[in-house]
Amino acid sequence: VQLQASGGGLVQAGGSLSLSCAASGGTFSRYSMAWFRQAPGKEREFVAAIRSSGHTYYAESVKGRFTTSRDNAKNSVYLHMNSLKPEDTAVYYCAASSSVILSNIRNEFGYGLWGQGTQVTVSS
């Protein structure tokens, strides 16, 4: 599976932005998909995940503001971001795994497939 993230950009604080991640080359519906982000000088951190079952998981810092969804017919996963804050500024990555266990759903080492990242910048 190859992943291609898109949709990043510059937005003002309080605004919204949606990211997409298109997958190719595999049976997308079987994969758990996740979003991670990395801000300058910081470690990559978990943002959200959605399992093949459709169950979703979120970091506390984005819960209630971000929503992840998937469209298996389009081999795509989405991250809808509302009420954006300057601290949401980061490069956002999508990741995939066909075998991540629940205890690792928020752990980047649970995912072996990564997209190239897309920059999200939130101005104050």
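Here, each number is a calculation from the coordinates, and none is a lab measurement. Since the structure is predicted, the reported quantities are computational estimates derived from the model, not experimental observations. Glycine also receives a Cβ, built like all others from the backbone with ideal geometry; neighbour counts cover every protein chain displayed.
Contact order, relative form, for the chain: 36 percent (alpha carbon pairs under 8 Å, 6 or more residues apart, mean separation divided by residue count). Peptides 88-101, 46-59, ordered by how many other C-beta atoms sit within 10 Å of their residues on average, highest first, read 88-101, 46-59. Quick check: net charge around Tyr31, other residues with Cβ under 12 Å of its Cβ, Lys/Arg +1 and Asp/Glu -1? With Lys, Arg at +1 and Asp, Glu at -1, the neighbours total +3. Evaluating 6.51 cos²θ - 1.76 cosθ + 1.60 at θ = phi - 60° for every residue in segment 109-119, the Karplus couplings come out as 6, x, 10, x, 10, 9, x, 7, x, 9, 7 Hz, glycine and proline recorded as x. Here's how it looks for Leu113: its modeled amide H is under 5 Å from those of Ala96, which are all 5 or more places away or on a different chain. For every other residue with a beta carbon closer than 13 angstrom to the beta carbon of Gly110, add +1 if it is Lys or Arg and -1 if Asp or Glu, then tell me the sum. That works out to +2.
A DSSP coil position with no more than 14 other Cβ atoms inside 10 Å describes the following GluC sites (Glu not before Pro) in segment 43-110: Glu43, Glu60.
In order along segment 83-88, the Karplus-derived 3J(HN,Hα) couplings, from 6.51 cos²θ - 1.76 cosθ + 1.60 at θ = phi - 60°, round to 6, 5, 10, x, 6, 7 Hz, and Gly and Pro are given as x. Build a GNM of the chain with springs between Cα atoms under 10 Å apart, and of Gly110, Gly26, Gly41 the one that fluctuates most is Gly41.
Can you bin segment 1-60 into rounded, prolate or oblate? Criterion: square roots of the alpha carbon gyration tensor eigenvalues sorted a ≥ b ≥ c, rounded for a/c under 1.5, prolate for a/b above b/c, oblate for the rest. Note, shape of segment 1-60 comes out prolate. Counting Lys +1, Arg +1, Asp -1, Glu -1, what net charge surrounds Arg70 among other residues with beta carbon under 12 Å of its beta carbon? Result for the local shell: +2.
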